[in-house]
Amino acid sequence: MNHRHDLHRHSVELETRRFFLKKSMACLGGMAFGTLFAGSARGGQTSPPALHHPARAKRVIYIHLAGAPSQLETFDYKPELAKLNGEPCPDSFLKGKRFAFIKGVPKMLGPQVEFAQHGSSGAWVSADLPELAKLTDKMCFVKSMWTEQFNHAPAQLMLQTGSQLKGRPCFGSWAFYGLGSENHDLPGFIVLTSGGKNPDAGKTVWGSGFLPSIYQGVQCQGHGEPILFAQNPEGVTRDDRRATIDAINAINEQTGQEFGDPETQTRISQYELAFRMQMSVPEATDVSSEPQSIRDLYGCEPGKNSFANNCLLARRLCERGVRFVQLYDWGWDAHGDNEGTSLTGGIRRKAATTDKALAGLLRDLDQRGLLADTLVVCGAEFGRTPMKENRNAGKDNPFAGRDHSPGGFTVWLAGGGAKPGLTYGETDEFGYQAVVDRVHVHDLNATLLHLLGFNHEKLTYFFQGRNYRLTDVQGQVVPALFA
């Protein structure tokens with residue numbers, strides 16, 4: 001390698017018009033586009049685009065139960081399924097279908113929990129969720145969700161980004177891009193995880209894709225250091241950090257002026273935000289400062305990484321102006337291949353802790369007057385089969401479990417303009433396929449964006465020659481879900 005030659009060439013590329021025009025994207029057209037694009041990046045948290053219509057929600061708490069709990073043991077009561085418990089699965093259920101694990105002819109599996117109707121709405125809720133059952137008149141159930149994806153990672157990507165492939169912005173990024181930020185000292189989009197692992201699709205489900213990286217989710221922790229590596233190393237004072245950032249930003253400003261890359265401005269903004277977050281984030285994430293009565297309401301334990309702590313953190317962050325808080329809780333994959341994934345074992349224990357925390361979140365938001373303009377969304381990437389899962393040449397799993405089922409599942413909403421006490425749509429009598437008022441994941445995202453004040457067809461971003469949107473070229477708003 002001729003280092004002298006490479007250095008000389010690099011110098012020429014920076015200093016001569018010939019090389020600059022040759023290397024620029026679409027020459028002068030690229031320069032013009034870069035200037036316009038830099039304005040759209042809004043790395044400095046300037047005004048967001050105008051809303052397309054009056055918003056019903058100002059912020060979102062989106063809870064994703066990664067792995068997908070069974071609709072048949074939570075909210076979708078199917079007494080006819082109980083009558084077929086233990087019977088061989090009808091051929092019509094298997095023909096033309098693809099499964100993640102089922103082999104041969106499985107047996108039908110009736111509901112593994114008792115159900116009862118609750119509230120003036122008469123919504124069906126399983127006995128595993130006694131606290132949420134008391135709040136059904138505040139909740140909006142969509143029982144006819146469906147998707148094309150039957151494996152976790154593609155289905156999570158489809159739900160959160162509108163595509164089963166990586167590289168698209170997630171819902172939180174689109175919302176932040178459209179709404180902007182209400183707090184100069186905190187990210188507009190924060191992610192909290194629990195359950196010990198990230199979702200199967202990894203951190204791409206809170207990535208900004210082709211949007212400027214200022215819009216990607218910032219992962220926070222409910223214990224220890226709230227944001228990893230944000231604090232100063234030992235021996236580095238805050239004044240030292242300020243001087244370092246000033247020097248880096250001066251270099252970035254010069255680079256931004258030379259090349260017009262909007263990501264340079266994003267980088268400057270992120271350095272500045274990180275510096276401010278050193279002061280703001282520890283206070284915002286300190287659940288120990290909450291009264292004991294509030295901690296008991298959620299069932300949280302300060303100092304631990306738990307779903308309950310994250311629910312309380314979500315409320316604290318919303319109070320402080322964070323636009324979008326995403327909670328991922330891993331561990332809902334109810335296959336029944338061991339006790340921890342069985343519907344009557346580990347999954348039931350998950351339901352108990354989740355139930356108290358979610359009910360606490362709704363009650364707390366309501367008593368503070370936040371539920372009216374905070375949209376709470378809770379669901380997963382798909383549903384579960386009405387058949388008991390079998391594997392290994394058609395042998396039953398040792399515990400009661402269900403395989404992945406994209407054809408029908410339940411999502412619930414609360415607050416933020418969603419119609420309380422509503423049960424919308426139906427699956428068939430066995431809970432297998434959505435058959436009445438079907439709602440695709442694109443339709444759900446279009447509806448959620450509408451509640452935030454956006455026409456999903458107009459909230460777009462120009463990339464690789466065309467305008468992209470969260471719902472791609474599909475999606476229909478479901479007005480029946482509006483209060």
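The values are calculated or read from the model by the stated rules, or taken from the named source; none is laboratory data. This one's a predicted model, so the numbers in the text were calculated from it and none came from an experiment. In this analysis, Cβ positions are derived from the backbone assuming ideal geometry, glycine residues included, and neighbour counts consider all displayed protein chains. To get the accessible areas, we keep the full protein, side chains included, count just its heavy atoms, and leave off ligands, DNA and RNA. Shrake-Rupley method; radii C 1.70, N 1.55, O 1.52, S 1.80 Å.
The residues in the range 433-458 that are surrounded by fewer than 22 Cβ atoms within 10 Å (Cβ to Cβ), part of a loop (DSSP other than H, G, I, E, B) and not polar (S, T, N, Q) can be counted, and the count is 5.
From the residues in the range 398-424 that are out of contact with any strand residue (DSSP E or B) (no Cβ under 6 Å at 6 or more places or on another chain) and not small (Gly, Ala, Ser), which one is farthest from residue 109 (Cα to Cα)? The residue in question is 420. Filtering 232, 151 for residues that are at pLDDT 95 or above, of a type in the set (S, T, N, Q) and either on the phi > 0 side of the Ramachandran plot or surrounded by fewer than 22 Cβ atoms within 10 Å (Cβ to Cβ) (or both) leaves a single hit, 151.
As a summary of the residue check, residue 87 satisfies the conditions (1) under 28 Å from the mean Cα position of the chain (by Cα); (2) within 23 Å of residue 435 (Cβ to Cβ) except for the one numbered (1).
Of the residues making up the range 289-318, those that are assigned to a helix (DSSP H, G or I) and either among the acidic types (Asp, Glu) or without any contact (Cβ under 8 Å) to a residue 24 or more places away in the chain (or both) are 289, 292, 293, 295, 296.
If you filter the range 287-319 down to residues that are within 23 Å of residue 184 (Cα to Cα) and open to solvent by 60 Å² or more (accessible area, probe 1.4 Å), you find that the one that is modelled with the lowest pLDDT is 289. Does at least one position in the range 459-470 carry a residue that is in contact with a Ser or Thr (Cβ under 8 Å, 6 or more places away or on another chain), within 30 Å of residue 94 (Cβ to Cβ) and either in contact (Cβ under 8 Å) with a residue 40 or more places away in the chain or open to solvent by less than 10 Å² (accessible area, probe 1.4 Å) (or both)? No; the residues of the range 459-470 include none that is in contact with a Ser or Thr (Cβ under 8 Å, 6 or more places away or on another chain), within 30 Å of residue 94 (Cβ to Cβ) and either in contact (Cβ under 8 Å) with a residue 40 or more places away in the chain or open to solvent by less than 10 Å² (accessible area, probe 1.4 Å) (or both). Per the conditions (1) under 27 Å from residue 147 (Cα atoms); (2) in contact with a helix residue (DSSP H, G or I) (Cβ under 8 Å, 6 or more places away or on another chain); (3) surrounded by fewer than 22 Cβ atoms within 10 Å (Cβ to Cβ), the sole criterion not satisfied by residue 386 is (3). Taking the numbered list (1) open to solvent by 60 Å² or more (accessible area, probe 1.4 Å); (2) outside any loop (DSSP other than H, G, I, E, B) in turn, residue 140 passes all entries but (1).
Considering the conditions (1) within 16 Å of the chain's Cα centre (by Cα); (2) part of a helix (DSSP H, G or I), residue 131 is excluded by exactly one of them, (1).
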